[in-house]
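Trainee: Here you go, one structure.
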Amino acid sequence: MSTGEAHKPPPYMLVWLGLFLLTMAEVGYAFITAIPKLWLAIGLIVMAFYKAWLVAVYYMHLKWEPKRLWLMVSVPIPLIMILIFVVLNEIF
Amino acid sequence: MTTQAMTAGRAPMPGMKVYNLKLGMWIFLLSEVMFFTGLIGSYVILRFAHPGQFTEPGVVLNVPLTAFNTFLLICSSVTMVKAYAAIQQGDQQGLKNWLLATILIGASFVGVQVYEYIALVGEGFVPVAEAYHAVGRHMPHDGPVVGGQLYGSTFYTMTGFHGAHVSIGVLCLCFTYWRAAKGEYSADNLGGVEIMGLYWHFVDLVWIILFTIVYLI
């Protein structure tokens, strides 16, 4: 695997089930009209990022990678925040 | 690639504890993160700036069909990790079977996306439409303009670039399968399968975000 260290087999099918259930939940949640639009968007984004995190950690094996790779992978996150929030600031 | 070159590719980079091929793929994927962030960021900003040009979920886009397509891509991710797990155990046949399943599911994803595009274009939802009047099965009522030029442009740009990535991924998977059929991978030489998997899971990860932002919000 990543660094040649032994570890328990990752729960691939459990993660797949989680991704499937979260996708179903997202689709159902998106069409609930009683929830304000802002809360709908926040809920959907939280679910989407949790799904993305599951894929990165278990399927891309980040969980078993060295911390230095984690640091490298996290570099774009502040850049993404800057891009979104600074430019949104121009609109509002 | 010679055995010596493959061994060199598997050697951990000093200080990183990750072999060079994988480090290279991660750096490439990080550049891809910034690429897709640019696209998604542009979409978010345009949507905030011109809310009248975009519609509620399900009015124009076929959410059930795309949810099914999302399910397909998630399934292809699990078949890809199963291929990797198989070769970790030295199971050559398992590697080939799971890779073939990944290729077929990935190609199905592209096929459904092409079908979706044909249906949308048939309804007049094209990137250059000045104003799009949703008609047909998605339109709950007749009359009002529900989408504009920005909607079509951003939709086709984001999903099109992602579809291109999936298509390239399917071609690379075919190459990986061809190498697997020749018996070039083993429990000691599985870097090619792992790197292919990293790319494929990344494509899945991007779609998870795109599906939520473009189709559900």
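Trainee: Using the structure shown, decide if residue B:94 is under 21 Å from residue B:67 (Cβ atoms) and of a type in the set (Gly, Ala, Ser). Steps first, answer last, please.
Mentor: Details: under 21 Å from residue B:67 (Cβ atoms): no; of a type in the set (Gly, Ala, Ser): yes.
No; evaluated as a whole, the condition is false for this residue.
Trainee: Would you mind stating whether residue A:63 is basic (Lys, Arg) and at the interface with chain B (Cβ under 9 Å from one of its Cβ atoms)? Spell out the reasoning first.
Mentor: Working: basic (Lys, Arg): yes; at the interface with chain B (Cβ under 9 Å from one of its Cβ atoms): no.
Against the criterion (basic (Lys, Arg) and at the interface with chain B (Cβ under 9 Å from one of its Cβ atoms)), residue A:63 does not qualify.
Trainee: Look through the range A:30-48, keep the residues that are facing another protein chain (nearest Cβ under 8 Å) and surrounded by 15 or more Cβ atoms within 10 Å (Cβ to Cβ), and return whichever of them is nearest to the chain's Cα centre (by Cα).
Mentor: Among them, the one singled out is A:48.
Trainee: Considering B:72, B:65, B:30, B:95, which residue is closer than 25 Å to residue A:70 by Cβ, part of a helix (DSSP H, G or I) and of a type outside the set (Val, Ile, Thr)?
Mentor: Only one candidate passes the filter, namely B:30.
Trainee: Only one residue in B:152, B:163 is assigned to a helix (DSSP H, G or I), buried (at least 18 other Cβ atoms within 10 Å of the Cβ), out of contact with any Pro (no Cβ under 6 Å at 6 or more places or on another chain) and of a type in the set (Gly, Ala, Ser), so which one is that?
Mentor: B:163
Residue-by-condition table, conditions (1) modelled with pLDDT under 85; (2) under 15 Å from residue B:157 (Cα atoms); (3) within 7 Å of chain A (Cβ to nearest Cβ):
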residue	(1), (2), (3)
B:36	no, yes, no
B:42	no, yes, no
B:46	no, yes, no
B:57	yes, no, yes
B:67	no, no, yes
B:73	no, no, no
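Trainee: Now, a different point. Could you give every pair whose Cβ atoms fall below 7 Å, whose first residue belongs to the range B:78-101 and is away from chain A (no Cβ under 11 Å), and whose second residue is among the acidic types (Asp, Glu) and crowded, with 17+ Cβ neighbours inside 10 Å, counting only separations of at least 6 or pairs across chains?
Mentor: Qualifying pairs under 7 Å: none.
Trainee: Let me ask something else about it. Conditions: (1) closer than 14 Å to residue B:100 by Cα; (2) away from every other protein chain (no Cβ under 11 Å); (3) surrounded by 19 or more Cβ atoms within 10 Å (Cβ to Cβ). Residue B:197 meets all but one. Number of the miss?
Mentor: Among (1) closer than 14 Å to residue B:100 by Cα; (2) away from every other protein chain (no Cβ under 11 Å); (3) surrounded by 19 or more Cβ atoms within 10 Å (Cβ to Cβ), the lone unmet condition for residue B:197 is (2).
Trainee: Please note which helices (runs of 4 or more DSSP H) are completely contained in chain A and include at least 2 residues that are small (Gly, Ala, Ser) and touching a residue at least 12 places away in the same chain (Cβ under 8 Å).
Mentor: A:12-30, A:37-54
Trainee: Now, a different point. Which is over 25 Å from the mean Cα position of the chain (by Cα) and at pLDDT 65 or above, of B:129, B:164, B:134?
Mentor: Numbers: B:164 fails: over 25 Å from the mean Cα position of the chain (by Cα); B:134 fails: at pLDDT 65 or above.
Going through B:129, B:164, B:134 in turn, just one is over 25 Å from the mean Cα position of the chain (by Cα) and at pLDDT 65 or above: B:129.
Trainee: For residue B:204, state whether it is at pLDDT 95 or above and among the charged types (D, E, K, R).
Mentor: On the way: at pLDDT 95 or above: yes; among the charged types (D, E, K, R): yes.
Yes: the conditions hold for residue B:204.
Trainee: Now for a different question. Being assigned to a loop (DSSP other than H, G, I, E, B), surrounded by fewer than 16 Cβ atoms within 10 Å (Cβ to Cβ) and on the phi < 0 side of the Ramachandran plot is the requirement here; does residue B:121 meet it?
Mentor: So residue B:121 fails the test.
Trainee: For the range A:55-83, what are the residues that are among the aliphatic types (A, V, I, L, M) and closer than 18 Å to residue B:191 by Cβ?
Mentor: Selection gives A:60, A:62, A:69.
The values are calculated or read from the model by the stated rules, or taken from the named source; none is laboratory data. Only a predicted model underlies this, so the values are computations on that prediction, with no experimental measurement involved. Please note: Cβ atoms are built from the backbone with ideal geometry, for glycine as well, and neighbour counts cover all protein chains shown.
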